[in-house]
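Structure first, commentary second.
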Amino acid sequence: MSTADRFADAVCIEIVNISKSFGATEVLKSLSLTAFRGEFVALLGPSGCGKSTILRIIAGIETCDEGEIVIEGQVANYLRPSARNVAMVFQSYALYPHLTVRENIAFPLTTRQGRGLDRATISVRVSQAAELVDLSDKLEHLPSQLSGGQRQRVALARSIVRHPVAFLMDEPLSNLDALLRHEMRRSLIDLHRRVGRTTLYVTHDQFEAMTMADRIVVMDHGRIQQVGSPHEVFEQPANRFVAGFIGLPSMNMLEGRIESGRFVSRQGLRIPLAAGAFSADEGEPVALGLRPTDLSIGPVREGEAAIVGQASRIEYGGTDIFVDLTLSGSDGVRMRVATENAIRTGEKIEARIRLRALHLFAADGRSLRVPTGG
């Protein structure tokens, strides 16, 4: 089912050809994106790629040099931030230390935007927001009496209490330790399902994006590289950047050319290509991509090929072992194997490759895979 089908083709936020520069530095380059009502969209990319700038422009904290921001069908370029009905959740909690949890959550309703609400209504909305983030028993506490995860939940409740059309979250979990991040990821997913608001979530952590989002927007240098479901950006990367950025460990890349339906690396390694899988010309310089998870040990089966190498480095990862194989010359790949495989450094290994799992990229980085139906 397509995203449009899942979300009834109801657009919540649309940015159209927006560009933004800070001095001589162009941060966003004619960028367009649509987020549907109730959708969780992750903006994923390396630091400095423009992810946070997009959120700040939508929220009205920054202005764009060109383009339009449309929120719920209304052009919002010249609306005050308070009139846009979106809630921003920052990396820092930005709580008032002298106010209780109750007062921090209620604060947006006591400003000019919420002055039309009476005390009873505010109290009900604060209680509802606190219950959604599991803070009902902490309402009289000060921020200093809370854990990091609880303080982040106060910031979330403060956003929820406004009843915005969308949440804009700028790396909200980056200040938490690994265990709290895991717990808060689950809490955020549950919260999103219960509240049902559109969420734009900025992160450089691909695990967060892959496990939380309906769609991922992969960015680099102010441009969108690919938009798709977690499955699509992992299995069908649009270009070499996406292929290398998504996946842990990163995709192996070998440089070479096409010869008689085979990939031939610069060091002479030959790997057959599945017939009709790629649109590459004879002699064309290409890069072959292969994920470590698509290499395995065992007898070669139909639709597979073998490569032989020497284990030059072994890393124990608990349930898996990561092995660096030196193939020939400067060629090398990393593979993931199960812990029951006893492998020693220097050992000769024959690994098998699923030919349908291979990726091929042109010199300009675009994928050469032939699209399949469905």
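Structural remarks
- Odd one out for residue 272 among (1) in contact with a Lys or Arg (Cβ under 9 Å, 6 or more places away or on another chain); (2) crowded, with 18+ Cβ neighbours inside 10 Å; (3) not hydroxyl-bearing (Ser, Thr, Tyr): (2)
- The residues of segment 111-123 that are surrounded by 13 or more Cβ atoms within 10 Å (Cβ to Cβ), in a helix (DSSP H, G or I) and either among the acidic types (Asp, Glu) or at pLDDT below 90 (or both), listed by number, are 113, 114.
- Just one of (1) assigned by TED's automatic domain parsing to the domain that holds residue 122; (2) hydrophobic (A, V, I, L, M, F, W, C); (3) out of contact with any Asp or Glu (no Cβ under 8 Å at 6 or more places or on another chain); (4) not in a helix (DSSP H, G or I) fails for residue 184. It is (4).
- Restricted to segment 333-348, and to residues there that are basic (Lys, Arg) and not in a loop (DSSP other than H, G, I, E, B), the residue that is farthest from residue 296 (Cα to Cα) is 348.
- Criterion applied to 345, 339 was being in contact with an Asp or Glu (Cβ under 8 Å, 6 or more places away or on another chain), more than 17 Å from residue 267 (Cα to Cα) and among the hydroxyl-bearing types (Ser, Thr, Tyr), and the one residue passing it is 339.
- Restricted to segment 1-97, the set of strands (runs of 3 or more DSSP E) holding at least 3 residues that are assigned by TED's automatic domain parsing to the domain that holds residue 209 and at pLDDT 95 or above comprises 11-22, 25-36, 40-44, 66-71.
- Checking each residue in segment 188-209 for being surrounded by fewer than 17 Cβ atoms within 10 Å (Cβ to Cβ) and within 18 Å of residue 133 (Cβ to Cβ) picks out 189, 190, 193, 194, 196.
- Some residue of segment 299-321 being more than 30 Å from residue 347 (Cβ to Cβ) and aromatic (Phe, Trp, Tyr): no
The values are calculated or read from the model by the stated rules, or taken from the named source; none is laboratory data. Computed from a predicted model, the values in this text were never measured in an experiment. Backbone-built Cβ (ideal geometry, glycine too); neighbour counts: all protein chains shown.
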